[in-house]
Structure formats: C-alpha cells, structure tokens
C-alpha cells in the first residue's frame, strides 16, 4: 500500500471552505480513480496547515494518478488562499484500527528522519514496541506509520475520539516517542496535533 500527502498552508479563515471542497468534489473524484483506497484530511486550524492523504493499492496506481489529481490540488490551494503545496509519497508500513473515528476526532502526527538503511528496523520497533503501548491510550481509534525509504523519512499518526483524550496522553506519548526514536536512530523533526476533518481511508490492517 502507498500514500501521497499534500500539505497546504492555508488562510485559517478559509479552512471550512477548503474542507467543503475536498468533501464534495475531491474525495468523490479521487476515490473513483482505479487503485485508490480512500482519502483523509486533517487540519491545524490555528496555523492553517491542511494535510490531505490519498492511499493507493500499488505504487503504479499512485504514480499514474499524479496528473489526474493535480487540478483538484490546484483548486484546493486557490480556495484555501495558498500559493503552493508540498507533495510527498510514502509506503504504508503499518496500520492498526480499533474502531472508526467519530465526528470530532483528532490526531497526533510525528514526523521523523533518519538513516534510510534502518527503515526495516524502524518498522519493527514501531510494530513491536510503540503500537502495543499507544493502543492502550484512552480514546484510541487507530494508528499508522508511513515511510519514505529513499529519503529516510517517516510519519506516525495516532488518532483519538476527542481532543481532551489526545491532550491527556501528551506526556506518556513523549516518553514513548523519545525511547523509540533513540532505538530507531531517528530524529523527531516535528509533532503536530490536528483535527480530523474528513476520514475516508479504507486501509487494511497491516501489523
């Protein structure tokens, strides 16, 4: 499984307009493309950062869809008051879902970087050491790990039913993150807490 993320730095005042466009126009169009297995959109309302993710059954399907989805990304940028977007491609390394996210769900995204040659070790540590701990958190909905082997980058996503549950896990999550990043030999580049605006990913269990 593979994924493409598009990060747009939006005008915070226009986020709701962007969400409506992605919900009503982008998701129906993109999920109709052969090989697409769903989309999601998370937003950081204070800063205006929006991250849309489209998942694909194969790397070829993701690559062949690039030009088809470009007009929708361009229009989303326009509606959100952004001049550009950052596009990244990933391999879906791990997925675990306890239950579907309710309305009002939120997520913590952890971006890491490290030696590309240690990707398999990082995946094993996530599956064997990180996932068993974070799935015990109150309000846990799902977790995933995306990696870019060529660049040595990874992003872990942890979703919760409610914002207060996410906030209550900050200290425990930081301890888990610090130990895991040391074992992986990775650097934690950024930790972001976001609202889950749209969740239509249909990734299979992968642990």
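Worth a mention:
- Relative contact order (%) - criterion: Cα under 8 Å, at least six apart; region: the chain: 29 percent
- For the pair the range 1-36 / the range 53-103, the C-alpha centres are spaced 7 Å from each other.
- The C-alpha atoms of the range 52-105 occupy a region whose extents along the principal axes are 37, 33, 15 Å, arranged from largest to smallest.
- Peptides 135-143, 113-121, 33-41 ordered by average Cβ neighbours within 10 Å, highest first: 33-41, 135-143, 113-121
- Between helix 170-184 and the chain there is an angle of about 80 degrees, using the helix long axis and the longest principal axis of the Cα atoms.
- Peptides 92-104, 3-15, ordered by how many other C-beta atoms sit within 10 Å of their residues on average, highest first, read 3-15, 92-104.
- Tail beyond 22 Å, pair distance distribution of the chain (Cα, percent): 48 percent
- Whole-angstrom gap from the range 164-181 to the range 116-135, using each part's C-alpha centre: 15 Å
- For the chain, the longest principal axis of the alpha carbon atoms and the long axis of helix 66-79 meet at an angle near 80°.
Read-outs throughout are calculated quantities, based only on the coordinates presented, and are distinct from any laboratory measurement. Just so it is clear, the model here is predicted, and its values are computed rather than measured. Counting neighbours? That spans all protein chains shown, and the Cβs are built from the backbone with ideal geometry, glycine included.
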